[in-house]
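Contents: one structure, followed by commentary.
The values are calculated or read from the model by the stated rules, or taken from the named source; none is laboratory data. Bear in mind that the values here come from a model prediction, so they are computed numbers and not experimental data. Here Cβ is always computed from backbone atoms with ideal geometry, including for glycine, and neighbour counts include all displayed protein chains. Note: areas computed on protein heavy atoms with side chains; ligands, DNA, RNA excluded. Shrake-Rupley method; radii C 1.70, N 1.55, O 1.52, S 1.80 Å.
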Amino acid sequence: MKTYLKTLERMYKKHLMRFLSIIFIVVVSVGLVSGIGSSTENIKSSLSEYYIAQNISDFVVKATEGDFTQEQIDAVKNEYGAENVNTGMSLDVELTVGEEKGTARLYFLDFENMTVNLPRYVSGAKAEELAAEGGTKILCANASKGLKTLTHGTKVTLDFKDILVQSADQAGEELSDFMLSMLDRFLKPVETEVAGTVTDALAFTDDGEPSYIQEEGATTPDMVNALDSLNTLDYIFYIPLSIIPEVMGQSVLPKSGDLYITARDRTQFASFSPDYKRYVDENTAKLKEMLSVETDEGTKSGCEVITLYENYTFSSLDAYADKVLSLGFVLLVAFVLVTALVVSSNMTRLMEEERAQIACLRTLGYSGFKIITKYMLFALIATGIAGVASYFLGLGLAAFIYHVFNYSYVMPPLASRVAMLFYLITYFAIAAAIIASTLFAGVRLVNEKPAALLRPRPPKAGRKVILERIPFFWNRLPFKYKSTLRNVLRYRNRFYMTVIAVACSMGLVLAGLALLDLCIFGTFGSPAIVGLACVIVLFAGLLTMAVIYTLTGINISERNREIATLMVLGYQDKEVTGYIYREVYINTLIGILFGYPVGALLMWVVFNVMNFGSLAGVSWFMWLIAPFVVLLFTALVTLILRRKIVKIDMNESLKANE
């Protein structure tokens, strides 16, 4: 056991750079994939915590036959609990604020007893403070890219005659001339002012909230489906019910035209869980039956029920989270494949360099399993260290992606629960791939006889290439290019692995650029996806660096004697590095060519799992930018490896194998 541990310790010292390269590629792979996947957990957990903290309504029930009766309201309160039901009225109207005309959503609410859809306070007075003052002032939703806000003290005129006319138009009704004349006579505009700023509990997208007002000449939008609405809002106002004027003792607007209802069990939401979907479907039908009314045509539902599935903010944010998760699984497959290939090459070369030591251990009586375990420990310790680093990288990346979503949403506070699930899935998938590739590489070696292991493998024989069959071209090539082309195919396993790994990296770059293109130059404008695409391109480039560095490092270590011989013959540093670099760039260029179909496949998969975009919609210049990204990171690697090539010890490398 003492001898075994000594060889293990020496292996770490001797192969430190190889150890670090495994750490680097695992950090890149696990960090990126877990960061993207964990951001979905962050978004869904934050949405669920926000749902509970602001007591978000599960149902907004809008009366379609006038006001809800007190009997109907009491029945709903008995079913869901009085504390879980608020009454009010909401309308989307054209409103003139100052000299500007805009679309405004007006929430007429009971400020004193508001327990549902609690707005997030930003500045100024709060709803309960305005209620205590008599309810003569209003709140305005905070500004975002879509919504405008007003400074405290800004005067707002509410023309209830115009509001009533627009409300009737949206309901498909027309007020009579007599009614209009009565409204002119008795209904005067109400002057109020903004006293506080809040973030609307149900509307927090930064791109603007949809409204239900129909554009001229457009088809009628579905009132209960915000995703189909045609305009976006300019303002959202919270208005106390006490402001609504009365005519001849009757309120001109229903004070209980809307019911805001929350489920008793606040845990079942869980970001649109299957149980929550069943609950919503069952209770939507129950509410329509409970609030049905008798008409001349018989009994019919007297309401429309709007759930969180029809709420643009909640449904779109949850949908984006699912798209990011789908993208995470696509990246997981690609990165696991590349990581397994590179680590397999790394560990195969490490064992080849220690053939003599493996032979000695076999002759000392160590089993093949114990010898392989030594190399598996090497890979697993590197993977373990990388796992810790990648966990924190993934956390930071997930937090960054969550922050990027603030460009499209006024995001809820980040969830207190740490996302772990996707990190564990990614880490164990890549760790399993590393164990399998190391085991595969080791079994072949330990099954050889010790006598065969003590003899160094003969160098690969040079091979003629297909270009030699074209004398007109081949005879005109300088010798250095002829040797390069022969060497490219001389080491076939490394050639295939380099091409496959670079092709996968190229495919990831293309997929990231395609997402970027659709958001910046296409019709799918999402700052959140832009940030995500930039992260994918950057990490795909880092993956390319890890691949090229590892495989080129293996190439150099395999050919130390060859490179040292060139130095002894008088080759200068520039010529020696060029000897290796030419092979690197040829392999990379071939990998790039194969990367185009891989990229097309990845893009097709990404577009399908995210339900937007198409290959035909990707701009032509993105197909040209991708290879330059890969070549840029390849050039960085060749600069890093230059010192390793020119510092080869000629005396040590040319010693006879013992």
### Summary
Placing each pseudo-label 7 Å from Cα in the direction of the beta carbon, Lys188 and Asn447 end up separated by a distance in nanometres of 9.9
## Note on the structure
TM-like helix rule applied to the chain (DSSP H, alpha carbon span at least 20 Å on the long axis, mean Kyte-Doolittle at least -1.0) gives 16-53, 312-353, 368-404, 421-446, 492-520, 527-558, 573-610, 620-646
### Task
May I ask for the distance between the Cα centers of the stretch 327-383 and the stretch 562-624, given as a whole number of Å?
26
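Tell me the net charge near Tyr4. Cut-off is 9 Å between Cβ atoms, Tyr4 excluded, with +1 for each Lys or Arg and -1 for each Asp or Glu. Write out the running numbers ahead of the final one.
Working: positive: Lys2, Lys6, Lys370, Lys374; negative: none.
Local charge sum for Tyr4: +4.
Calculate the FRET efficiency for Leu631 and Phe440 from the Cβ-Cβ distance with a Förster distance of 41 Å, rounded to the nearest 0.05. Walk me through the numbers on the way to the answer.
On the way: r = 31 Å, r/R0 = 0.77.
So, using R0 = 41 Å, E works out to roughly 0.85.
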### Query
At a probe size of 1.4 Å, how large is the accessible area of Met17, to the nearest 10 Å²?
100
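Could you tell me what percent of the accessible area of the stretch 98-215 is made up of carbon and sulfur, with a 1.4 Å probe and every protein chain present? Walk me through the numbers before you get to the answer.
Values: 2780 of 5780 Å².
Here carbon and sulfur together make up 48 percent of the probe-accessible area.
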### Query
Averaged per residue, what accessible surface does the chain expose to a 1.4 Å probe, in Å²?
46
### Message
Need the full-extension length gain, Ile52 to Glu94, defined as separation in residues times 0.36 nm minus the C-alpha distance. One decimal, nm.
### Response
11.9 nm
#### Entry: Rule-of-thumb Rg ratio for the chain [Cα; 2.2 N^0.38 Å; N residues]
1.32
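At 1.4 Å probe size, put Met420, Met376, Met248 in order of accessible surface, largest to smallest. Mind showing how you got there, number by number?
Working: Met420 70, Met376 35, Met248 150 Å².
Largest accessible area first, the list is Met248, Met420, Met376.
Please list 573-582, 320-329, 19-28, 34-43 highest first by mean number of surrounding beta-carbon atoms within 10 Å per residue. Show your work: numbers first, answer last.
Details: 573-582: 16.5, 320-329: 20.5, 19-28: 22.9, 34-43: 26.8.
In decreasing order of mean packing, 573-582, 320-329, 19-28, 34-43 become 34-43, 19-28, 320-329, 573-582.
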### Query
Across the stretch 243-366, how many lysine pairs, 8 or more apart or on two chains, come within less than 24 Å at their alpha-carbon atoms?
8
### Query
How far is it, in nm, from the label point at Asn475 to the one at Asn560 when both lie 7 Å from their Cα along the line to the Cβ?
4.2
